[in-house]
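Worksheet for the structure shown next.
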Amino acid sequence: MIKGDPQGLLTSWNHSSTDFCQWQGVTCSPRHQRVTHLNLSSGGLIGTLSPSVGNLSFIRVIQLSHSSFSGEIPPEIGRLFRLRELHLRNNSFTGSIPDTITNCSNLQLLSLGNNNLVGKIPDGIGSLSMLSFVSLYGNILQGGVPPFIANLTLLDTLSLSYCQLGGSFPNLFHRLTNLRRLSLAGNNLIGTFLPSLYNCSSLEEVWLYHNKLTGRLPKNLGSIMPHLVVLLLGNNHKYGNLVSIPPTLHKLDLSNNYFGEKLPSLTNGSALTYLDLSNNYFVGSLHNLVCSNGVNTIELVHLGHNQLSGVIPECWEKWSSLKVLLLSENNLSGEIPRTLGSVPLLQLVFMGWNMISGSLPSSLTNLSYLKILELENNNLAGIIPPWIGMKLTMLKILNLRSNNFYGNTPNQLCYLSHVQVLDLAHNNLSGNIPRCFNNFSVLSGKETNLEVQFSFTFDDVIFTVYDLLVMKGREDTYGSILGLVTLLDLSSNNLSGQIPRRIPIGTQIQSFNESSFIGNKLCGAPLTNDCVHVDKPDTTSDQKEDGGSHKVDWGLIISIALGFIIGFWGIVVSLMLNRSWRITYFRLLRKLIKV
């Protein structure tokens, strides 16, 4: 029932001379020559799963994940009483989970995640006492978290995230002493989450973000869950004061909650790589966290949308692994720390909507991997340094909007050939718009192969970059399509001169009215006011009209010089030789002085 085999996985299956135990993806038992393993995962197979799969009575493992199977999971799968592992995730299976699956009494692993399954999780799964791994995430299921989960005492992993289950957070996990990984994110669960987890001392990963859970995070979290590596509790109603972060944690997400007071510190030996405390009520200085020991393994830190204040400390030389830094929308002041240039792997910096002042430190020239630099709505001043274009050549988003930058727009910005968002609006820039802006390969349309979104992957956690951009005077947040957005905004400066002919004349640009160009002194298309050209005077034609009167008259100059010499020296010599003339001259001079 396979309709497509793009990778040719089933080529060997079409040769009648080939023993089926030699077919690709098939493993047989050496004694009985019966099929025990079927592995065709990641092959891109297109079609449905045949009911004949129920005839493989000796099969122990079925691996068909990461393909394009559709249709229902055949109920005949319940005939496979020797089946131990069923891998069907990342396909397009529809319908409900067949009740007959409860006949697979030796089943240890059930992986049906990321399909289009609907309905209720069969209660009979609670009788499969051998189950240690259950993953049904990314389907459209109902009925809440099933109570029978408490019967699966060997359960190591339970993943029911984004199944739209609803209901209450169950108080049943105290019986699951072997549980290491719990993922119930995105189910709109309500209730208090921690009490039922206190006895789960083996827990290593807790994924509960995007629910409606309440409760206070205990200060002794590290002793309650001594093996905890991942704690993702973002987007609930949880609150508390996190004094310190347990050293065992690798990932911590407490975003979009009601946590407050000062930032926690990190102890030496911390293994933390991912820290998201954004959209809370943390107050005070960054110093407690930024300058603590144990930050050298962190790759992402998100502290945006809090109430942090004070200067950004000069401790960034400790953050040798940092790739993503978000500090936007706080009350931070002072200058951008020069030690930020000591973070060699930094790719994204968000510091907008603060009160940061001063100029851009030259140490930032070391950030050669930087892709996004967001500094809008601060008090930054000085010129836009030319080294931005010469050193930060990987920049895709540069946002310096609403600051106090002045001077000319440097031509060196034209080296940012891959930039797709360049926002310099609401500054004090002057001079002409550089004509070399046509070097921008994305903005000019030369480069069209763009990423749909900007995202960073940290093991199993995917962080998608969201950005607030102003388009046609309206602020909108772009996330899932941010990689496709192109924007050039130079409005509300003191720019003058002609708008460069790079600028497209089409339906898009014609949709802007005159108000879109207010704040500068520009002229030319698409504006209605044409540029006035002042012609230089033609000195050649002037000389022809007046007969060459602008030429130097040497005869006149010689006559004046001779007259001066004869008149002056004639009088002086006469006074020197004739005594009576000399006496008469000085008497006349005295009378003139008295008058």
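Please treat every number below as a calculation from the coordinates, not as lab data. On a predicted model such as this, the values are computed, not experimentally measured, just so you know. Every residue, glycine as well, gets a Cβ built from its backbone with ideal geometry; the counts of neighbours run over all protein chains shown.
With Cα atoms as the point set, the radius of gyration and Dmax of region 108-154 evaluate to 10.5, 28 Å.
Computed over the Cα atoms of the chain, the ratio of the radius of gyration to the Kirkwood radius (Rg/Rh) comes to 1.29. The convex hull built on the alpha-carbon positions of region 16-132 has an orientation-averaged projected area of 7.3 nm². Give the calculated FRET efficiency between Phe58 and Leu484 to the nearest 0.05, with a Förster radius of 45 Å applied to their Cβ-Cβ distance. According to the calculation, E is roughly 0.30. Each label was represented as a point 7 Å from its Cα along the Cα-to-Cβ direction; for Thr393 and Thr464 these points are 3.3 nm apart. Computed from the Cβ-Cβ distance with R0 of 56 Å, the FRET efficiency linking Asp530 to Phe456 stands at 0.70. When the helices of the chain are scored as -39500 (n - 2.57) per DSSP H run of n ≥ 4 and the total is divided over every residue, the value at 222 nm lands at -3000 deg cm²/dmol. Of all beta bridges that DSSP places with both ends in the chain, some 15 percent have antiparallel geometry. In summary, the convex hull built on the alpha carbon positions of region 339-407 has an orientation-averaged projected area of 4.1 nm². Each principal axis of the Cα atoms in region 216-343 has its own extent, and those three values, largest first, are 40, 27, 19 angstrom.
Applying a 4.7 Å cutoff between beta carbons, the unpaired cysteines of the chain are Cys104, Cys163, Cys200.
For the chain, the longest piece that avoids every one of the trypsin sites (Lys or Arg not before Pro) found in DSSP loops with at most 11 other C-beta atoms within 10 Å covers 32-445. About its Cα centre, the chain has a charge dipole of approximately 1640 debye under the convention of +1 per Lys or Arg Cβ and -1 per Asp or Glu Cβ, with nothing else charged. Sites listed here are chymotrypsin sites (Phe, Trp or Tyr not before Pro) in region 122-217 whose DSSP assignment is loop and whose Cβ has at most 14 other Cβ atoms within 10 Å: Tyr198.
Say R0 is 51 Å: what FRET efficiency, to the nearest 0.05, do Glu475 and Ser12 get from their beta-carbon distance? Approximately 0.30, to the nearest 0.05.
Projection of the Cα convex hull of region 88-234, averaged over all directions and equal to a quarter of that hull's surface, yields 7.8 nm². Expressed as a fraction of 2.2 N^0.38 Å, the value expected for a compact globular protein of N residues, the C-alpha radius of gyration of region 374-479 is 1.15.
Annotation for region 182-254 versus region 411-467: alpha-carbon center distance of 38 Å. With 26 Å as the limit on Cα-Cα distance, the pairs of Lys219/Lys371; Lys396/Lys446; Lys212/Lys318; Lys396/Lys521 that go past it are Lys219/Lys371; Lys212/Lys318; Lys396/Lys521.
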